[in-house]
Structures are given as C-alpha cells and as structure tokens.
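Novice: Here's a structure for you.
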Amino acid sequence: MTDIDFTGVFPAMTTPFDQDGAIDHETLAADARRLESAGVAGLVPAGSTGESATLTHDEHIEVVETVVEAVDDVPVVAGSGSNSTREALNLSRRAADAGADALLLISPYYNKPEQAGLYEHFRTIADEVDLPQIVYNVPSRTGQNVEPETVAELATHENVRAYKAASGDVAQISEVIEYTREEDLAVLSGDDALTLPVCSLGGRGVISVAGNVEPERTVELVDAALEGDLERARELHYELSPLFRQLFVETNPIPVKAAMAIRGHNSGALRPPLTEIEPENREDLERILAELDESAAAEATEAV
C-alpha cells in the first residue's frame, strides 16, 4: 500500500472541456503542473469539482491517467466513488491500474442506504483495492449522512486513511476526530470556509476548491494553522473568505471555472446541464480577485 501523508492542501481539480465537450488533456496536464509548482500536498482529479457525474467511465480513467503522467512529486487521489458498490469497485480498480496513489470515495448518492449499507460499501472497496482511501461525506449532494460512529468503525480498516468532511456541521466533524484519534484518521475539511476551524480541532488540511484559484495562499493558511500560528491563519482566512463564499454562489464548479478563467487559467467549458455563471456573479468574482491581487502585491512590496 502506498504511504501518503494526508496533510495539507489537496485541490479538487476541475476538468477542462473544449467547446465540443471533449476533455482538453493538454490543459488538464498544464493545470496539474501549475498546482504542483504552487506547493500543494496532492491533487484530486475526477471528483465533484471535476464534473465526474458527466464523465463516462473511460473518460474518468483518462483524466486520472493524464494527471498521474503530468506530475512528478505529489500524490494523485482519484475520485472513484459511485452510488453502486459494484461500479465504485470497478472504477477504483481501474484508477489503481491508472497509477492513482489513493482514492476519494463519495458516499452512495440518491439511493440513500442505511448506515449498515454505507459501512459495507466502503468496507468492500477497502478490502478489494489496496490503496489508501478517503471516505467522502457530503450529504447536501448525496442525501444521506455518514454518521460519526460509522466513520469510526471504518477507520479501523488499514486502507481507510482519511475522511473528507463536507457536511458543514463542525460539531459532527469534531465527533469524527474524537472517535478516530486512536486510528489516526486524517480528517480533511471539504469546505474551504471551514478549513481553519477543522484544523483547530485536529484536522490535517483541506480538499479545496479555492486551491485551484489561490493555491499559494491556501497552502499558507493551512501551514500556519497546523504550525500554531493562529494570528496569520486567521488573517488569511478572513482575506480569503469573500472568495470562499463566492465560489459557492452558484453550483460548484460553475464559479471556480469562471474564477480560473479570470485569472488567465484555461478552465474550459462546462458540461450540460451546468450553465455559465450569471454576469452579476462573475462581476463580483472579478472584484474579489482584483482585491486579492492588490493585497498580494502590497504584501510583496512590504517584504522587499
């Protein structure tokens, strides 16, 4: 099994599509290299931010392969979940064969299994695929919460190494950390706005949407939080908070793709049924990003 330190910033990558809807692999590879050079701890392709719901299984694996081949030193955590255990197991095996270092497994969506079914789903994949795995809890998208007790039971499996906390419930995230301290489960925030609170509770970092746009400052925020420099961590948290909010003013990844384009990174088109960002929301993004650029320039001047 690959040894991965699930500490730091792991950008949830976007998937660039051309105007005909095909994956732009050249741009995807360039984006992976850009993020690696910014000092992130790892990359997460083919997740929710990567529009995995609109990828065929073959495209899904092609995205993983492209990112694996593009980077040199950071682990690639492939999104490989599904609401079907058989389908998730197949995707996970194929992602492993494609060179993924770890797996991000969203809990089954739409069919809303009970906790026993959730446990069996994750345990089956952990038994069958010998890679480090992240249990991903995002009930706003799946319709079902993975309860802290279920996470604690899963954490006893040697391949279940981390948990992506995207419930928005800080008390629940605290419970997960409390219940899994003996297993040393790495808890990662799944919400950029909760990165600092989660790290203060004992979390290890974030699987980040904002990290696609502000990778260096997101890395600095997490580093400061984990090193106990709460004054600097809070400063960065509040500096980035307007961006955190604006990136979810519409369904992810609509705003983050627009933000990347504003910054000059080719984010590509969205796949239907997602639509382009509303003009007023884009204007707000432009203003927020301009303010962040101004503050970065001011900090650079002060440092000279």
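Novice: Only one of (1) outside any helix (DSSP H, G or I); (2) among the aromatic types (Phe, Trp, Tyr); (3) surrounded by 21 or more Cβ atoms within 10 Å (Cβ to Cβ) is not met by Phe122, so which one is it?
Specialist: Phe122 satisfies all of (1) outside any helix (DSSP H, G or I); (2) among the aromatic types (Phe, Trp, Tyr); (3) surrounded by 21 or more Cβ atoms within 10 Å (Cβ to Cβ) except (1).
Novice: Moving on to the next point. Scan segment 240-249 and tell me whether some residue there is of a type in the set (Phe, Trp, Tyr) and more than 26 Å from His60 (Cβ to Cβ).
Specialist: Yes, because at least one residue in segment 240-249 is of a type in the set (Phe, Trp, Tyr) and more than 26 Å from His60 (Cβ to Cβ).
Novice: What residue, among those in segment 140-199 that are assigned to a strand (DSSP E or B) and of a type in the set (Gly, Ala, Ser), is surrounded by the fewest Cβ atoms within 10 Å (Cβ to Cβ)?
Specialist: Ala186
Novice: Of the residues that sit in segment 245-293 and are part of a loop (DSSP other than H, G, I, E, B) and buried (at least 21 other Cβ atoms within 10 Å of the Cβ), which one is nearest to the chain's Cα centre (by Cα)?
Specialist: My answer is Pro253.
Novice: Filter segment 11-51 down to the residues that are of a type in the set (A, V, I, L, M) and part of a loop (DSSP other than H, G, I, E, B), then identify the one that is surrounded by the fewest Cβ atoms within 10 Å (Cβ to Cβ).
Specialist: Ala22
Novice: If you don't mind, another one. Can we say Ala95 is in contact with a Leu (Cβ under 8 Å, 6 or more places away or on another chain) and not in a helix (DSSP H, G or I)?
Specialist: no
Novice: Condition first: touching a helix residue (DSSP H, G or I) at 6+ places or on another chain (Cβ under 7 Å), acidic (Asp, Glu) and either within 25 Å of Pro45 (Cα to Cα) or at pLDDT 95 or above (or both). Can you find one or more residues in segment 123-138 that meet it?
Specialist: Checked segment 123-138: at least one residue is touching a helix residue (DSSP H, G or I) at 6+ places or on another chain (Cβ under 7 Å), acidic (Asp, Glu) and either within 25 Å of Pro45 (Cα to Cα) or at pLDDT 95 or above (or both).
The values are calculated or read from the model by the stated rules, or taken from the named source; none is laboratory data. Note that the coordinates shown come from a computational prediction; the quantities given were computed from them, not determined experimentally. Counting neighbours? That spans all protein chains shown, and the Cβs are built from the backbone with ideal geometry, glycine included.
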